[in-house]
Each structure stands twice: as structure tokens, then as C-alpha cells.
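A quick write-up on the structure given underneath.
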Amino acid sequence: MTPHATGPTDAPSVPAVPPDSPVEAFDRVHAALGHRFRLERTVAFSAERVLFQASDKLLRRPVSLRVSFDPDPLVRTWFMREAEALGQLDHPAIRHLYDIGLEEGFAFRIGNWIEGEGLHQAVQRSVRPIPEVLILTRDLLSAMEHAHARGILVRRLVPTSLITNAAGHATVTDLRYSSYVLPVIPEGERPAGQEFMAPEVREGETGEPAADIYTAGATLYYALTGSPPPLDPARLKPPTQLREAAPAVFDRLLSRALAADPAERYLTAGEMLEDLAKDAGTFVAPGIVV
């Protein structure tokens, strides 16, 4: 698949010094955007990226407000291009993007606010209940099918970029390494979470839909067993060896999804979902559509 764009992605360079503290970041964003958005709290902070829970004063709805303070024009272009990627998609299991913009010293994007927690936080408490793993499977594969139909490969899912809610539904929030943004990723940038990426993607290939089957399978393996799959697929242990209560169907499903050779994996997300349904029944997670 060839990454494509619908408009300019180069963001102008705005030299600025990243904030030293969450308080400084809050004050700077409030000064620039407070006329439209009320900042409720700082959810995550780093010198380069900050996430706020906020309220849209005009539309009276909660939103996520992600800010990039990184002064490097290449990083800023990457941030804006990822926003474009999110804007190409419209699926309940992928964060909706409402707006993007540039202010003096930072770039920002506005998305829907998602109540929940990161998959990594949920798994730290306990491996996910089997019904939640089934819902997660349907959510992720449905989202993948939607993205693929629009020419976008996700390429990397990691537990920290998935938000799960109380009903077990998951939302993809990160497309930083998707095929859509590949042309603008700064040279030498190495993604975290290598164990969640297909071997060919780790080696620098763009990948095919089978690469997304791998990253979805790795995420499901983690949710089901509490451990990421090994970097070497040949060392993969069936989920039932790590969790006796795991449905046997996942031994077969994930051994195929996590095959080292892309040709041995499922060809499409829909094929993998259909294979699961043959053994797990026809339960449909409400609200998930392609």
C-alpha cells in the first residue's frame, strides 16, 4: 500500500522552548486556546508532548487536547501528519479527530475524549477476562479492516496506545508509525514496543495487511496472557500454556497471526475475525461496525 495525502503536511517551524513542568505547559496552552477550550486536567506530560482532558466551550462536549511542544520542524510535521492519518478514518474503535492547528510555540490537535484506561494499566491489575478479550478482538480487527479499506496500515499497536473502557471496548489512539506517516518520520527514529511489531516491519519494511494481523495478534496475546509475545516467533508459547482458562481457539488463532512468515498469517482482518467466529460463536460486540 502506498501512503497518500489529501493536503499539505509540512508544518511551519515555530522555535520554542518546551515547558519545564506540567504547570507551565498548562499555562501556555490556556493562554493560547482558553478562549475556546477549558482545560480540565493534565493527563500525560513530557517535555515534547502533553495530553489534556478539556471541554469545548462552544459545542459543550469533552475533548482530548494533544499538544506537541517539540521545536524540531521534522517532529512537528510528523505530529501533524499523524493527525491527518486519524482524520482519514471514521470508526468507533479509532480516536476521532475534530481539529488541528498551530499556535506560537506548539502544535495541537483536538479529538474525542475517551473514558477508560490504557490496556497496559488494565493488564497490570490482571489479565483480561475472556469476554473482554473477545470484544477486544472484534474491535481491533474491525478497526484494521476499516483502515485497510482506506489504504492505511496501522503497523504498530502497543498497549499504551489502546484505551479500554468498563465494557471492554478498545480505542486505537496512536497512528505514529502507520503507513500514512512513513514519508515524514525523522530518520533514525526507532519505535518502542518492538515485540508488538511484525518482524518485517521491525526490519524497516512498510508491510502489508498481514503485518497488522501480527500487531493485533501480539496485542491480544498480551491481553490474554499478561505477557508480550517473544521477539522470535519460533519461541511463542500457546496461550493455554500461560493461562489454563484461555479458550483453545486462541492457540490456533494467535499461532497463525504471529507467524514469522507473512504468507502464513491471515490475509485480512476479516478472515481472522471469521475464523474466530467459527469457534467462538456469533456474538457481536455492540456499536462496532466497519
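Table for the structure above
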| quantity | calculated |
| --- | --- |
| Debye equation applied to the C-alpha atoms of the chain, log10 I(q)/I(0) at 0.17 Å⁻¹ | -1.40 |
| The chain - percent relative contact order, Cα under 8 Å, separation 6 or more | 17 |
| Contact order relative to length of the range 206-253, as percent, for alpha carbon pairs under 8 angstrom and 6 or more apart | 23 |
| Furthest towards positive pole of dipole, 85, 114, 148, structure part the chain, Cβ charges | 114 |
| Residue among 43, 63, 172 with the largest mean-square fluctuation in a Gaussian network model of the chain, springs linking Cα atoms under 10 Å | 43 |
| Table column - 3J(HN,Hα) (Hz), the range 75-81, Karplus curve with 6.51, -1.76, 1.60, x for Gly and Pro | 5, 5, 4, 4, 4, 6, 5 |
| Bridge type composition, the range 85-209 - antiparallel percent by DSSP, nearest 5 | 90 |
| Amide proton proximity set for residue 99, modelled H, under 5 Å, gap of 5+ | 110 |
| Cα-only Debye scattering, the range 139-261: base-10 log of I(q)/I(0) at q = 0.13, 0.20 Å⁻¹ | -0.50, -1.17 |
| Rounded to whole Å, sorted largest first: equivalent-ellipsoid semi-axes of the range 20-75, Cα gyration tensor | 20, 12, 10 |
| Accessible area per residue in Å² at 1.4 Å probe, computed on the range 149-278 | 41 |
| Charged-residue dipole, Cβ positions (Lys, Arg, Asp, Glu), the chain about Cα centre, Debye nearest 20 | 700 |
| Angle between the chain longest axis and helix 22-33 axis [Cα atoms, degrees, rounded to 10] | 70 |
| Helix 269-280 axis, angle to the chain major axis (alpha carbon atoms, nearest 10°) | 50 |
| Helix 209-225 axis, angle to the chain major axis (alpha carbon atoms, nearest 10°) | 80 |
| Check: the range 48-118 dipole with +1 on Lys, Arg Cβ and -1 on Asp, Glu Cβ, in debye | 200 |
| Within the range 83-105: backbone nitrogen closer than 20 Å to the residue 189 label point (7 Å, Cα to C-beta) | 83-89, 95-103, 105 |
| Equivalent ellipsoid dimensions for the range 91-202 as semi-axes, Å, which come from the Cα gyration tensor, largest first | 24, 18, 15 |
| Loop-located GluC sites (Glu not before Pro) in the range 235-279, at most 15 other Cβ atoms within 10 Å (DSSP) | 244 |
| When the convex hull of its Cα atoms is projected in every direction, mean area for the range 36-130 (nm²) | 7.7 |
| Cα-projected label distance for residue 261 with residue 167, points at 7 Å along beta-carbon direction, nm | 4.2 |
| Taking the range 76-129 and dividing mean pair separation by its residue count, relative contact order in percent (alpha carbons under 8 Å, at least six apart) | 24 |
| Calculated [θ] (222 nm, deg cm²/dmol) that DSSP helices of n ≥ 4 give over the chain, each run adding -39,500 (n - 2.57) | -10500 deg cm²/dmol |
| Share, in percent, of DSSP beta bridges within the chain that are antiparallel, nearest 5 | 95 |
| Max mean-square fluctuation residue, GNM over the chain, Cα-Cα springs under 10 Å, options 221, 180, 98 | 98 |
| Contour minus Cα-Cα distance for residue 231 and residue 58 (0.36 nm per residue) | 57.5 nm |
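The values are calculated or read from the model by the stated rules, or taken from the named source; none is laboratory data. This one's a predicted model, so the numbers in the text were calculated from it and none came from an experiment. Glycine gets a Cβ as well: all are built from the backbone with ideal geometry, and neighbour counts include every protein chain shown. Calculation scope for accessible area: heavy atoms of the full protein, side chains included, ligands and nucleic acids excluded. Shrake-Rupley method; radii C 1.70, N 1.55, O 1.52, S 1.80 Å.
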